[in-house]
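Below you'll find the structure, written out as structure tokens, and then a few comments.
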Amino acid sequence: MRIISGKYKGKVLNPGKSFHARPTTDFAKESLFNILANQYDFDSRDCIHIESVELNHKHAAFISKMAHELKLNQLKVRNANAFHIIKSCIRKYDIIFADPPYEMEGIETLPELILNKDILKENGVFIFEHSKKFNFSEHPRLADYRSYGSVNFSFFK
């Protein structure tokens, strides 16, 4: 895995062989950040609060380690079930990005769970990375959809 933009652009993150994940392709990440850069001014607006929710303990530990090494003090890693976090969440976010395992049971319910919980700020966006087997084209709050090979992004507002 590598960081594709920002001040850490090009940095390779090596989680080791015990890390079992499906990293988003560089092409899909670059495309996603180009879309977001047209909506948000990241250069003049620091992210003061970032939360990462990861169920896998080893993955959460790796994210925490990378945050510490990169001095990303605003990043808080929660080793927890995202479905439980959503249900108890009271904070509002500008951007929510979900990238669950494509075969995870119940992921098709994430848009409704997040949007009905009212945890997006006004003009906020929920970005859902998913496989092609999910189609949200009829969802009333779908704002955009992009496909990059096996990587699909649905944008909800």
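Nothing in this text is a laboratory measurement; each read-out follows from the coordinates by a stated rule. These numbers were taken from a predicted model, which means no experiment stands behind them. Cβ: placed from backbone, ideal geometry, glycine included. Neighbour counts: every protein chain shown.
Within the shell defined by Cβ-Cβ distances under 10 Å, the residues around Gly124 carry a net charge of +1, with Lys and Arg each +1 and Asp and Glu each -1. Computed over the alpha-carbon pairs of the chain, the distance histogram in 10 Å steps reads 9, 38, 43, 11, 0 percent, short to long. Taking amide H as placed 1.01 Å from N in the peptide plane, Asp94 has its amide H under 5 Å from the amide H of Lys121, each at least 5 places away in sequence or on another chain. Between the amide H of Lys76 and those of Ile50, Glu51, Ser52, distances stay under 5 Å, these residues lying 5 or more places away or on another chain, with hydrogens modeled in the peptide plane. So which of Lys29/Lys157; Lys7/Lys76; Lys11/Lys65; Lys76/Lys117; Lys9/Lys71; Lys58/Lys117 end up more than 23 Å apart, counting from Cα to Cα? Among Lys29/Lys157; Lys7/Lys76; Lys11/Lys65; Lys76/Lys117; Lys9/Lys71; Lys58/Lys117, the Cα-Cα distance tops 23 Å for Lys58/Lys117. When DSSP beta bridges are restricted to pairs lying wholly in the chain, around 55% turn out antiparallel. Taking Cα centre as origin and charging only the Cβ of basic (Lys, Arg, +1) and acidic (Asp, Glu, -1) residues, the dipole magnitude of the stretch 23-141 rounds to 400 debye. Inter-label distance, Arg91 to Ser18: 2.8 nm, where each label sits 7 Å from its Cα along the C-beta direction. Couplings 3J(HN,Hα) for the stretch 101-112, derived from phi with the Karplus relation 6.51 cos²θ - 1.76 cosθ + 1.60 (θ = phi - 60°), are x, 4, 8, 5, 5, x, 5, 5, 8, 4, x, 5 Hz, where x marks Gly and Pro. Can you give me the distance in nm between label points at Thr109 and Asn56, each placed 7 Å from the Cα along the Cα-to-Cβ direction? Each label point is offset 7 Å from its Cα along the Cβ direction, giving 2.3 nm. The residues packed around Cys89, meaning those with a beta-carbon under 12 Å from its beta-carbon, carry a net charge of +3 if Lys and Arg are +1 and Asp and Glu are -1.
Compute the signed sum of charges (Lys and Arg +1, Asp and Glu -1) over the other residues within less than 11 Å, Cβ to Cβ, of Ile107. Computed value for this residue: -4.
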